[in-house]
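See below for the structure under consideration.
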Amino acid sequence: QVQLVESGGGLVQPGGSLRLSCAASGIIFSIYDMGWYRQAPGKQREKVATITNRGNTNYADPVKGRFTISRDNAKNAIYLQLNSLKPEDTAVYYCNADVLLRGSAFRNDYWGQGIQVTVSS
């Protein structure tokens, strides 16, 4: 029904930067909140940043001032600019979207497959 495809992950040295992208496709009528979450080995999945369809953003404390979330509603896409990366940012990053499908009266939560970000020297 809805597919979220992430791209842009990889290996980067501490202090480096990456840009993640996530594009949604499917029988979409409207997308509400979208966001990025991450899960490090042995830890629970945690919120990184979210953005509403009006562009209001919210960040987790550990990434404030370093990461920037943005959105292109015309493309059903969000982006995450990761700057000043630290080894503790190493995790699988997941895209999330709150979607109303065409012909449906209910919103559902969708997740991407996840993309690895590794920060290491």
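The values are calculated or read from the model by the stated rules, or taken from the named source; none is laboratory data. Being a predicted model, the structure only gives us computed values, none of them experimental. Every residue, glycine as well, gets a Cβ built from its backbone with ideal geometry; the counts of neighbours run over all protein chains shown. The accessibility values were calculated without ligands, DNA or RNA, using every heavy atom of the protein model including side chains. Shrake-Rupley method; radii C 1.70, N 1.55, O 1.52, S 1.80 Å.
The lone criterion from (1) within 15 Å of the chain's Cα centre (by Cα); (2) over 14 Å from Gly8 (Cβ atoms) left unmet by Glu88 is number (1).
For segment 1-20, a residue qualifies if it is touching a Gly at 6+ places or on another chain (Cβ under 7 Å) and open to solvent by 60 Å² or more (accessible area, probe 1.4 Å), and the qualifying residues are Gln1, Gln3, Val5, Arg19. Residue check: is Val48 at pLDDT 95 or above, in contact with a Lys or Arg (Cβ under 6 Å, 6 or more places away or on another chain), closer than 21 Å to Gln116 by Cα and of a type in the set (A, V, I, L, M)? Yes, satisfied. Of all the residues in segment 69-112, those that are more than 25 Å from Ile28 (Cα to Cα) and either open to solvent by less than 30 Å² (accessible area, probe 1.4 Å) or part of a strand (DSSP E or B) (or both) number 6. I'd like the full set of residues that are open to solvent by 30 Å² or more (accessible area, probe 1.4 Å), closer than 23 Å to Gly15 by Cβ and not in a strand (DSSP E or B), limited to segment 36-65. Answer for segment 36-65, where residues must be open to solvent by 30 Å² or more (accessible area, probe 1.4 Å), closer than 23 Å to Gly15 by Cβ and not in a strand (DSSP E or B): Pro41, Lys43, Asp61, Pro62, Lys64, Gly65.
Among the conditions (1) small (Gly, Ala, Ser); (2) over 12 Å from the mean Cα position of the chain (by Cα); (3) more than 16 Å from Gln81 (Cα to Cα), Gly16 misses just one, which is (3). Only residues that are within 14 Å of the chain's Cα centre (by Cα) and at negative phi were counted in segment 54-85, giving 17. Applying the criterion of being modelled with pLDDT under 95 and of a type outside the set (Gly, Ala, Ser) to the residues of segment 3-30, the residue that is nearest to Ala77 (Cα to Cα) is Ile28.
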